[in-house]
Every structure is written in structure tokens, then in C-alpha cells.
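The values are calculated or read from the model by the stated rules, or taken from the named source; none is laboratory data. Since we're looking at a predicted model, the values are computed, not measured. Virtual Cβ from ideal backbone geometry, glycine too; neighbours counted across all protein chains shown.
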Amino acid sequence: MNPFATLARLVDEAPRRALLLLAAFLAVLLVAPVVLDRYLLSVFFLIFWFATVGQAWNIMMGFCGQLSLGHALYVGLGGYIGALLWVKFGISPAIAIVPAILVAMAFGAVIGWLGFRFGIEGVYFALLTIAFAEVARIGFDNWSFVGGAAGFFIPVSAAASPVNLRGGPMLFYYVALAMMIIAFILCAALRRSRLGHAWLAVREDAEAARALGIDVFRAKMAAVVISAAMTAVAGVVYAFYQNNLFPSQTFDIARSIEMILAPIIGGLGTLFGPILGAFILTPLGQTLIALVEKIAGRAIPGVNLVFYGAALMVIIWFTPNGVWPWLKKKLGIPEGRE
Amino acid sequence: MTPLLDVRGVTKRFRGLTAVDTVSLTVTEGEIFAVIGPNGAGKTTLFNMIAGAMTPDAGTVTFAGTRADGLPPHELCRRGLARTFQIVRPFPELTVLENATIGAMMRAPDMEAARTKAGEVLRQLDLWDRREAKAKSLTLPDRKRLECARALATGPRLLLLDEVMAGLRPTEVDRIVAILREINRSGVTILLIEHVMRATMALAGRIHVLHHGATIAEGTPEEVTRHPKVLESYLGAEAL
């Protein structure tokens, strides 16, 4: 699977009008920071970030049909590894990404192996993913070396250093934008690959997939491991953006749920769904948080989740397959293509 | 003639019930071989043991010279044994072409080659015009042919067909009979499990008859239809 060849083919096959639109959209995002203030930069950071982790989660659920409700685990593992290596050993997050990916993959492999080897499927598999995230939360809560429940902090340094993810909102804007684009291209390439087709077959009917020569266990394992790796990278970036890590927040199930809303609303198993979903949900959620703060005079935690729940119901009511499939139809893009 | 598939004394019990009782049969490379029998004769159980979906309690299955019983279905498929399901199992949300491409990718060097191979198979099974349709939108006859197309796309030496003609109208049966003949002529050995007598008689070179899980006859269609036990237990009073 050559990413450049795939990219060339993607560009080659896409309708001209859609490409122009996409190019214009990207161009706007590239120059937008000129006019955006700090607050809006941070909103866009969150959009890009949620689009990235949504894309990663979508590999498991949207492509392979395996429900994970514990993706906060990989965010947290990535975050803690990146932060620890930087603060305690002075290792740059650019390098720490490698161990972060490897550890997340190892955890993904253990969860996948336990689930898929012993035939734990559907909601029971989802429970297993929650359990691992919860165990991690409790573990980190009691691990004093990483600050325990009191949290772990990354010192803010005056000198900007992009390689070490030290800098202002502008830096994180571009880092997250790059992450989102890379995640999209990676998923587009995977979707067209042999492995991607195996995932779709497993999602649709595992028994039939098996009869066509697909090793279902291997396909599912690949989905979990790749998804975990992508999520861990986003986790490192998020930790350096926040400058702090609290186990009760990092590994919280609310975080896991928040991560999966964008792809569900945008359209499960689609490439644009997670991005579209993030662009719809995050600004709405942020507006609501700001509004509540203004009206109530203080932040009410969880209010955005309540809102997300309501938005989810409304959107699923009108477009049961997500916004992107609906929009695609409106734009006149044939059903078989992205 | 070399035996492609050799089934020796396979038995399968479900609690007290013996669904398949020491059945042996040999399928030769290049032939069309049918297993028939009334409902509950153990046809599908026998089929599942050959296809790797069930492991026999006793006996062996040998495919292309190596032991095959107990191997998982995907491994059997890699060795050249492809199956269809009695109740068709297309990938509903994927297009007809994607369905066939997934079958073809096992032996194709890349996805482009898989798509090309899938296209060939879809043309062979009269599904090319429907290639962009989602599998869930197909009619039953189309789905049955898609089921065959997908299995055929894996490039099998032996094609196992589980009642592909059941539920089809006579004109549809004739169509699929013609297609299966064509597939067989291209070098694929076919083992079919059938209920539809007329088509089976027209298609198969040899027929194996099961009743209550046991073999009661085997031979050419003429021999089998003349066999007294077959007349008695399978065709019943209607034929006498």
C-alpha cells in the first residue's frame, strides 16, 4: 500500500468539482489563523482533534463493525507517555510518539485478543473496552510516580519549540490540522486496501467473510491495533495542548463517548463523516458552553454532553445514516463512491 | 482420474440424533456431483463438515490430497474450496462489485486485479449490469447468483453449492443450470446439494442419495432414479 500512489488515485478518481471544493476548503483552513483569535483557534483545534480521533474510532466501528466505548484509554496512554517522557526524561514528544503508539497498540492487541479469541461480541466487547479504560483510570489514579489523582502537569515554557509541542494556539491549530489530514488520507488508503475490504466484509457478515478466505480474527485485530495507534498520537498532542492530565478526566467514559459522536453523526463507515460530524458538533458544543457560562455566570460541567445527546437524537431522527450520506445524495455523488 | 474430494465415513451427532451416519463419497476432478435427499436427510450437515463450518465426530475429509476436516473455513477457501450458503449471505450494504471483489482479492496480487477478476465473474453470472447496486436491493434470483459469483471469484478448484436453486422459478433454474454448466466447463469441479430434482438430474454426472443421514444409493441420474430404495424413501408414493 503506497500512500502516494493512493493519494494520486484518490485525486484522479474524485469528481473535479468536489476536488476544487475540497482544495478551497483546505486553503481557507490554512490561512484562517490570520483572522482567528485565540479562542477560535482553540475551537478549531478541538474540531480537528475530534475529527482525527473520530476517524480512528471509525476504523473499528465504521469499517470493521467492532464497537469500542473505551477509546479514551488510548488517548490517555498516549498523553501520559508523551508527558512523562518529556517532563521526567526530556524526550521530545516527536520521539515519544513512537513508544506511545507501541504501548497503545499493545493494549489494543490485548483487548482485541481477549475479545475476539473468546468470541466476545457486540455490546459485551464494548463492555470489555470500557473495563480497560476504567482499570487504567483507577491505576493512574493510584500511581504516584505520575501524580496520581492530583494530576500530572507539563510545565509551560516561554520559548516556543514546535518539535517539542511547546507553543501557542497557532501551533496546535496547524498540528491538529495536519493530523486530521493525515488521518483522512490514511483512512482513505485503508478503505481501498485489501485490509479495508476485509474489514467491510467482517462488518457485514463475518461468517460469509470467513467462507471467502478472510481471516476474521486477524482482520479485527488489525482494526483495533491501527485504531489504537492513531488515537494514541492524538492523545500525545492533546496532553501537550492541555498541559495537564487528570486520570478522572482523561480516562473518563464521558470522553470516550464524546469521541464517537462525530463519526456517528457524520456517518459511520464514511471518510468525510468524522470530519463533518466534528465540524457540526464541536462548534455547537463550544457555543453552548460559552452561552451557559454567560447566562449562569459559571461553567456547568457536562452541559455539552447533554446537548450532544439531544443533537444526536435530532440528527439521527432526520438522517439515520448520518449527515454525510444525506449530503452526498443532495450533492448528487453516486452512492458507491465517497 | 484423481479424487479431488474424498469423504471417508464421516459422522455427526447432535445429542442423541445422528444427523450424518458414516457417509463416504468421492468427487473426481472436473465432474458435477450432487447430493440429494429429502428434508432432514443430513445434506446440509454433510455440507458443513466438508466446508469446515463443522468438525465431524468421526471420519475424515481429504481435499486435494491433504486432510481437510477441522480446518477453518478461510483456510479451506485458500486451498481452493469455496462454498455458498443455503440462506444467502451477501454483504448487504456493499455493492455487487464490492461483494465479488472481496471474494476475488484472496488470489489477486492487488485490488485492481481483484476488481478485474470480479468483473469477469459478474459477467459470467449475468450480474454485470447490477454491479453498482447495493446487494440488499437485489431480488432473490440475483442474490443467489451473487452468492455463486462471490464464491467463484475466490478461484476455487471445488465449488460447493448449498441449494442454490431452492426457491427459484423454473426459468431462473434453467438459467442457473446453464451458468453452472459453463463454470464446470471452465474447469471448476462442482459439488451441489439440492432439493430441486429436475435440475439436479439435468446437471449432475453422479448423484449421492442420503436418507436419515445414511447413504442409500449412488450412481448416474438414471441408476439412482431406478434404485428401489430411492423410489421408496425419497420419491415416495408419488413416483411409484
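When the residues of the stretch B:156-183 are filtered to those that are at pLDDT below 95 and in a loop (DSSP other than H, G, I, E, B), which remaining residue is farthest from the other protein chains (Cβ to nearest Cβ)?
Checked the stretch B:156-183; the qualifying residue farthest from the other protein chains (Cβ to nearest Cβ) is B:169.
So, in the stretch B:171-183, exactly how many residues are under 11 Å from residue B:141 (Cα atoms) and surrounded by fewer than 16 Cβ atoms within 10 Å (Cβ to Cβ)?
Within the stretch B:171-183, the first condition is being under 11 Å from residue B:141 (Cα atoms), and the residues that meet it are B:171-173, B:175-176.
This time we only want the ones that are surrounded by fewer than 16 Cβ atoms within 10 Å (Cβ to Cβ), so: B:171.
Within the stretch B:171-183, residues that are under 11 Å from residue B:141 (Cα atoms) and surrounded by fewer than 16 Cβ atoms within 10 Å (Cβ to Cβ) number 1.
Inspect all residues belonging to the stretch B:5-19 and state whether any of them is more than 14 Å from every other protein chain (Cβ to nearest Cβ), free of Cβ contacts under 8 Å to residues at least 40 places away in the same chain and within 21 Å of residue B:156 (Cβ to Cβ). Spell out the reasoning first.
From the stretch B:5-19, those more than 14 Å from every other protein chain (Cβ to nearest Cβ) are B:5-19; that's our starting set.
Subset that is free of Cβ contacts under 8 Å to residues at least 40 places away in the same chain: B:14-17.
Applying the additional criterion that residues be within 21 Å of residue B:156 (Cβ to Cβ) yields none.
Within the stretch B:5-19 (the criterion being more than 14 Å from every other protein chain (Cβ to nearest Cβ), free of Cβ contacts under 8 Å to residues at least 40 places away in the same chain and within 21 Å of residue B:156 (Cβ to Cβ)), the answer is no, since none of the residues qualifies.
State the number of residues belonging to the stretch A:220-248 that are touching a helix residue (DSSP H, G or I) at 6+ places or on another chain (Cβ under 7 Å) and within 24 Å of residue A:141 (Cβ to Cβ). Please lay out each step first, then the result.
Going through the stretch A:220-248, the residues touching a helix residue (DSSP H, G or I) at 6+ places or on another chain (Cβ under 7 Å) turn out to be A:220-241, A:245, A:247-248.
This time we only want the ones that are within 24 Å of residue A:141 (Cβ to Cβ), so: A:228, A:231-232, A:234-241, A:245, A:247-248.
So the answer is 14.
Look through the stretch B:135-162, keep the residues that are among the charged types (D, E, K, R) and in contact with a helix residue (DSSP H, G or I) (Cβ under 8 Å, 6 or more places away or on another chain), and return whichever of them is nearest to residue B:48 (Cα to Cα). I'd like the intermediate steps shown before the answer.
Here is the first cut: in the stretch B:135-162, the ones among the charged types (D, E, K, R) are B:136, B:142-145, B:147, B:150, B:157, B:162.
Add one more test, that the residue is in contact with a helix residue (DSSP H, G or I) (Cβ under 8 Å, 6 or more places away or on another chain), and what stays is B:142-145, B:150, B:162.
On the way: B:142: 24, B:143: 21, B:144: 18, B:145: 20, B:150: 18, B:162: 9 Å.
Looking at residues that are among the charged types (D, E, K, R) and in contact with a helix residue (DSSP H, G or I) (Cβ under 8 Å, 6 or more places away or on another chain), I get B:162.
Give me a count of the residues in the stretch B:208-235 that are surrounded by 14 or more Cβ atoms within 10 Å (Cβ to Cβ) and either in contact with a Ser or Thr (Cβ under 6 Å, 6 or more places away or on another chain) or not hydrophobic (A, V, I, L, M, F, W, C) (or both).
13
Give me a count of the residues in the stretch B:72-100 that are part of a loop (DSSP other than H, G, I, E, B) and either away from chain A (no Cβ under 12 Å) or under 18 Å from the mean Cα position of the chain (by Cα) (or both).
Let us first name the residues in the stretch B:72-100 that are part of a loop (DSSP other than H, G, I, E, B), namely B:72, B:79-80, B:84-94.
From what's left, either away from chain A (no Cβ under 12 Å) or under 18 Å from the mean Cα position of the chain (by Cα) (or both): B:72, B:79-80, B:84-90.
Going through the stretch B:72-100 one residue at a time, the tally reaches 10.
Has the stretch B:184-205 got any residue that is at pLDDT 90 or above, among the β-branched types (Val, Ile, Thr), touching a Gly at 6+ places or on another chain (Cβ under 8 Å) and surrounded by fewer than 23 Cβ atoms within 10 Å (Cβ to Cβ)?
yes
For residue B:13, only one of the following conditions fails: (1) surrounded by fewer than 16 Cβ atoms within 10 Å (Cβ to Cβ); (2) not in a strand (DSSP E or B). What is its number?
(2)
Tally time: how many residues in the stretch A:161-205 are among the polar types (S, T, N, Q) and either touching a Cys at 6+ places or on another chain (Cβ under 9 Å) or in contact (Cβ under 8 Å) with a residue 60 or more places away in the chain (or both)?
Start the filter on the stretch A:161-205 by keeping residues that are among the polar types (S, T, N, Q), which leaves A:161, A:164, A:193.
Next cut, either touching a Cys at 6+ places or on another chain (Cβ under 9 Å) or in contact (Cβ under 8 Å) with a residue 60 or more places away in the chain (or both) only: A:164, A:193.
Residues flagged as among the polar types (S, T, N, Q) and either touching a Cys at 6+ places or on another chain (Cβ under 9 Å) or in contact (Cβ under 8 Å) with a residue 60 or more places away in the chain (or both) within the stretch A:161-205 amount to 2.
Could you tell me whether the stretch B:137-155 includes any residue that is closer than 15 Å to residue A:205 by Cβ, among the basic types (Lys, Arg), within 9 Å of chain A (Cβ to nearest Cβ) and touching a strand residue (DSSP E or B) at 6+ places or on another chain (Cβ under 6 Å)?
No, that holds for no residue.
Taking residue B:89 as the residue in question, decide whether it is more than 27 Å from residue B:2 (Cβ to Cβ) and of a type in the set (D, E, K, R). Before you say what the answer is, go through the steps one by one.
Details: more than 27 Å from residue B:2 (Cβ to Cβ): yes; of a type in the set (D, E, K, R): yes.
Criteria met by residue B:89.
For the stretch B:87-120, which positions are farther than 21 Å from residue A:193 by Cβ and touching a helix residue (DSSP H, G or I) at 6+ places or on another chain (Cβ under 6 Å)?
Within the stretch B:87-120, B:88, B:89, B:90, B:92 qualify.
Scanning the stretch A:280-327 for residues that are farther than 30 Å from residue A:39 by Cβ and within 14 Å of another protein chain (Cβ to nearest Cβ), which turns out farthest from the chain's Cα centre (by Cα)?
Here the answer is A:320.
Given (1) more than 14 Å from chain B (Cβ to nearest Cβ); (2) among the small types (Gly, Ala, Ser); (3) under 20 Å from the mean Cα position of the chain (by Cα), where does residue A:189 come up short, assuming only one miss?
(1)
Name the one entry in B:68, B:64 that is surrounded by fewer than 17 Cβ atoms within 10 Å (Cβ to Cβ), away from chain A (no Cβ under 13 Å) and not β-branched (Val, Ile, Thr).
Details: B:68 fails: surrounded by fewer than 17 Cβ atoms within 10 Å (Cβ to Cβ).
Exactly one of B:68, B:64 is surrounded by fewer than 17 Cβ atoms within 10 Å (Cβ to Cβ), away from chain A (no Cβ under 13 Å) and not β-branched (Val, Ile, Thr), namely B:64.
Going through B:95, B:101 one at a time, which residue ends up being crowded, with 24+ Cβ neighbours inside 10 Å and not basic (Lys, Arg)?
Numbers: B:95 fails: crowded, with 24+ Cβ neighbours inside 10 Å.
Answer to the check: B:101.
List the residue pairs whose Cβ atoms are under 6 Å apart, where the first residue sits in the stretch A:300-317 and is without any contact (Cβ under 8 Å) to a residue 12 or more places away in the chain and of a type in the set (A, V, I, L, M), the second is surrounded by 12 or more Cβ atoms within 10 Å (Cβ to Cβ) and not in a loop (DSSP other than H, G, I, E, B), and the two are 6 or more positions apart or on different chains.
Cβ pairs passing all conditions: A:300/A:292.
With respect to residue B:115, determine if the residue is without any contact (Cβ under 8 Å) to a residue 60 or more places away in the chain, within 11 Å of chain A (Cβ to nearest Cβ) and more than 21 Å from the chain's Cα centre (by Cα).
On the way: without any contact (Cβ under 8 Å) to a residue 60 or more places away in the chain: yes; within 11 Å of chain A (Cβ to nearest Cβ): yes; more than 21 Å from the chain's Cα centre (by Cα): yes.
So residue B:115 passes the test.
Please tell me if residue A:126 is buried (at least 16 other Cβ atoms within 10 Å of the Cβ) and free of Cβ contacts under 8 Å to residues at least 60 places away in the same chain. So that I can check it myself, show each step before the final result.
Working: buried (at least 16 other Cβ atoms within 10 Å of the Cβ): yes; free of Cβ contacts under 8 Å to residues at least 60 places away in the same chain: yes.
Taking the combined requirement at face value, the residue satisfies it.
Say whether the condition of being in contact with a Cys (Cβ under 9 Å, 6 or more places away or on another chain) and either loosely packed, with under 13 Cβ neighbours inside 10 Å or of a type outside the set (Val, Ile, Thr) (or both) is met by at least one residue in the stretch A:277-285.
Pass one, the stretch A:277-285, residues in contact with a Cys (Cβ under 9 Å, 6 or more places away or on another chain): none.
No, the stretch A:277-285 contains no residue that is in contact with a Cys (Cβ under 9 Å, 6 or more places away or on another chain) and either loosely packed, with under 13 Cβ neighbours inside 10 Å or of a type outside the set (Val, Ile, Thr) (or both).
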